[in-house]
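Colleague: After the structure tokens below, expect a handful of questions from me.
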Amino acid sequence: MRPTPRPPRRALLFTASVALGAGLLAGCATDSKESTATSDGSGRGGKTTITIGVFGVFGYKQAGLYKEYEKLHPGVTIKETSIERLDQYYPQLLTHLGTGSGLQDIQAVEVGNVAEIANLHADEFVDLGKAEGVDKNSFLPWKWAQATTKNGRTIGLGTDIGPIAICYRKDLFEKAGLPTDREAVGNLWAGDWRKYIEVGRTYTAKAPVGTTFMDSAAGVYNAAVSANVERYYDTSGKLIYKDSPPVKEAWQLAMDAIDGKMTAKLKQFDKTWDQAYANGRFATVSCPAWMLGYIKEKAGKKTEGLWDIARAPEPANWGGSFLSVPESSKNKAEAVKLATWLTAPEQQAKLFQKQASFPSARTVYDMPSVAGAKLEYFADAPIGTIFAEAAKDIPTLVVGEKDQLIQNTIADIGILGVEQQGKTPAEGWAAAVKDIDNALDR
């Protein structure tokens, strides 16, 4: 869902993705007056409140899955709290892990953070690989491996993955003299992110007043860099981001977009970004599957049918998340049951139909409800076909412990410094490197 993302989610989309409201600092609902649950999860008077902490829009509430579970389990109430931005959610999660208090019964973990959680905090989470009803073989092998430690503890169950497409406004494309049919649009930039930038130059030359080609330079950076196996770390775990060819190429795409005045100069997942969806300020956004639910929520009813989806220049994965259960959960047994149910193939299929979060459960890909899925809001785009095709050739990304920190810093310090503050590309890059090195004590 999410990112930076759900974005998403599930980043996000996605998203992530997916938003949002109260944060982790609100603490466990089990410590509040609303909770009637006992420490063993049985509850007093047959009532149990299970708390779940997420970032962005995970879509469970929007898709009606919480209500469905509550109906299937009388006496259970689910309370979700969400923080809009992952870069605010995750530090708070680490703080709560450090203090041993304030954790929700279920905590979402984004793929860019899961290596750090698995390597440094595995003992603080339940081994969900041993949970009743969990079938390892129903998940994509690389997704399962991302949340599994070297000694075999699986600290999170995969929710979604983030195959990338390009979401675009048909009405704005038409006004700029560009094709609007999703196949024709995808052909404009097929095979090369540099073609996407060239289309941006064409759009900008005839852009409807008050609009830009894309939302942000960080969006194209994140999408393009995620089309590569090695980005910030190599396969041996060595930090390589400073000299990484994919990072350099994606950075240059972002700089070209800024130089060509193609961006709305927005910080993704901020309120101004949300408002820009509703106001129609930009014509395209690099959108992992988990971001579709986010767009639908933020753009609102007035743009229903104006948005459409075309394939991205190259197969890539941006985001995707996991559900984990802390050992300190006051309702651990019930939380494990809920996390297992929410990530089961049947629920992943329902979530995809309603929110377009693309399943990490590979067993559902051939189900008619997934393969034939369309999303009315996006002009009945065949999302089952579009994202299944995008997912087919996704590279298995190397994910390091500080992937999310590095990616966020390059986007929010480096790229935004150039985009919003007028720094030169060299100054923006230097600022990002300095922040990353300080954070990593290098």
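Colleague: Between residue 192 and residue 252, what is 0.36 nm times their sequence separation minus the Cα-Cα distance? Round to one decimal in nm.
Modeller: Numbers: separation 60, 0.36 × 60 = 21.60 nm, distance 1.35 nm.
Computed gain between residue 192 and residue 252 is 20.2 nm.
Colleague: Want the number for residue 234 to residue 205: 0.36 nm per residue separation, take away the alpha-carbon distance, what's left?
Modeller: Details: separation 29, 0.36 × 29 = 10.44 nm, distance 4.00 nm.
Fully extending the segment from residue 234 to residue 205 adds 6.4 nm.
Colleague: Also, I was wondering about something else. If amide hydrogens are placed 1.01 Å from N in the peptide plane, which non-local residues have theirs closer than 5 Å to the one on residue 50?
Modeller: Residues meeting the criterion, in which the H sits 1.01 Å from N, are 77, 78, 79.
Colleague: Using only the Cα atoms of segment 154-232, what semi-axes does the equivalent ellipsoid have when each is the square root of 5 times a gyration tensor eigenvalue? Give whole Å, largest first. Before the final figure, lay out the partial values.
Modeller: On the way: eigenvalues 162, 39, 33 Å².
They are 28, 14, 13 Å, listed largest first.
Colleague: Now for a different question. Please give the calculated 222 nm ellipticity per residue for the chain, where each DSSP H segment of at least 4 residues contributes -39500 (n - 2.57) and the sum is spread over every residue; nearest 500 deg cm²/dmol? Could the numbers behind the result be given before it?
Modeller: Details: 18 runs with 170 residues, N = 442.
Rounded to the nearest 500, the figure is -11000 deg cm²/dmol.
Colleague: Which of the peptides 59-69, 175-185, 161-171, 334-344 is most tightly packed, and how do the rest follow, going by the mean number of other Cβ atoms within 10 Å of each residue? Don't jump to the answer; show the numbers that get you there.
Modeller: Working: 59-69: 19.3, 175-185: 15.5, 161-171: 26.8, 334-344: 22.3.
Top of the packing list down: 161-171, 334-344, 59-69, 175-185.
Colleague: Amide H neighbours of residue 139 under 5 Å, at least 5 residues apart or on other chains, H built in the peptide plane: list them.
Modeller: The list, which skips near neighbours in sequence, is 362.
Colleague: Of the beta bridges DSSP finds with both residues in the chain, what % are antiparallel, to the nearest 5?
Modeller: On the way: 25 of 38 bridges.
Just about 65 percent of them are antiparallel.
Colleague: A further question on this structure: Amide H to amide H, which residues 5 or more places from residue 228 or on other chains are under 5 Å from it, using H placed in the peptide plane?
Modeller: Sorted by chain and number, the residues that satisfy this come to none at all.
Colleague: Starting at the first residue of segment 423-435, write each ³J(HN,Hα) from the Karplus equation 6.51 cos²θ - 1.76 cosθ + 1.60 with θ = phi - 60°, in whole Hz, x for Gly and Pro.
Modeller: 3J(HN,Hα) across segment 423-435, in whole Hz: 5, 6, x, 5, 5, x, 5, 4, 5, 5, 4, 4, 5.
Colleague: Can you tell me the order of 410-417, 434-441 when each peptide is scored by its average per-residue count of other Cβ atoms within 10 angstrom, highest first?
Modeller: Working: 410-417: 23.9, 434-441: 13.0.
The peptides rank, most packed first, as 410-417, 434-441.
Colleague: Ratio of alpha-carbon Rg to the 2.2 N^0.38 Å globular estimate for segment 390-442, to two decimals, please.
Modeller: Details: Rg = 13.6 Å, N = 53, 2.2 N^0.38 = 9.9 Å.
Normalised by 2.2 N^0.38 Å, the Cα Rg of segment 390-442 equals 1.37.
Colleague: Can you pull the one-decimal nm distance between simple spin-label points at residue 371 and residue 327, each 7 Å off the Cα toward Cβ?
Modeller: Using points 7 Å along Cα→Cβ, the separation is 4.4 nm.
Colleague: How far apart, in nm, are two points set 7 Å out from the Cα along the Cα-to-Cβ line at residue 123 and at residue 301?
Modeller: Computed distance between label sites residue 123 and residue 301 equals 5.5 nm.
Colleague: Same structure again: Going down the table (195/302; 170/206; 265/302), which pairs top 25 Å between alpha carbons? Can you show the working numbers first?
Modeller: Numbers: 195/302 30 Å; 170/206 15 Å; 265/302 23 Å.
Cα-Cα > 25 Å for 195/302; rest within.
Colleague: Taking θ = phi - 60°, what integer Hz values does the Karplus form 6.51 cos²θ - 1.76 cosθ + 1.60 yield along segment 290-307, in sequence order, with x for Gly and Pro?
Modeller: Rounded to whole hertz, the list is 5, 7, 4, x, 5, 4, 4, 6, 7, 6, x, 4, 5, 10, 4, x, 8, 7.
Colleague: In addition: From a point 7 Å beyond the Cα of residue 392 in the direction of its Cβ, which residues of segment 161-198 have a backbone N at a distance under 19 Å?
Modeller: 161-166, 182-192
Colleague: For residue 72 and residue 379, FRET efficiency with R0 = 25 Å and r from the beta-carbon atoms, rounded to 0.05? Intermediate results must be reported in sequence, preceding the final value.
Modeller: Numbers: r = 34 Å, r/R0 = 1.37.
Computed FRET efficiency for residue 379 and residue 72 comes out at 0.15.
Colleague: Now, a different point. Evaluate the distance, in nm, between pseudo-label points positioned 7 Å from the Cα of residue 439 and of residue 88 along their respective Cα→Cβ axes.
Modeller: Label-label distance for residue 439 and residue 88, simple model: 1.7 nm.
Colleague: Can I ask one more? For segment 317-360 and segment 81-113, compute the distance between their C-alpha centroids and round to whole Å.
Modeller: Value for the Cα centre distance between the two parts: 16 Å.
Colleague: Also, I was wondering about something else. For percent of Cα pairs over 28 Å apart, which listed value, (1) 48; (2) 44; (3) 57, comes from the coordinates shown?
Modeller: (2)
Colleague: With no solvent and one equal point scatterer per Cα, compute the Debye intensity ratio I(q)/I(0) for segment 322-442 at 0.10, 0.13, 0.14 Å⁻¹ and report its log10, rounded to two decimals.
Modeller: Log-scaled intensity ratios, in q order: -0.57, -0.84, -0.89.
The numbers here are math on the coordinates, done by the rules we state, and not lab data. Here the structure is a predicted model, which means the values were calculated and not measured. Backbone-built Cβ (ideal geometry, glycine too); neighbour counts: all protein chains shown.
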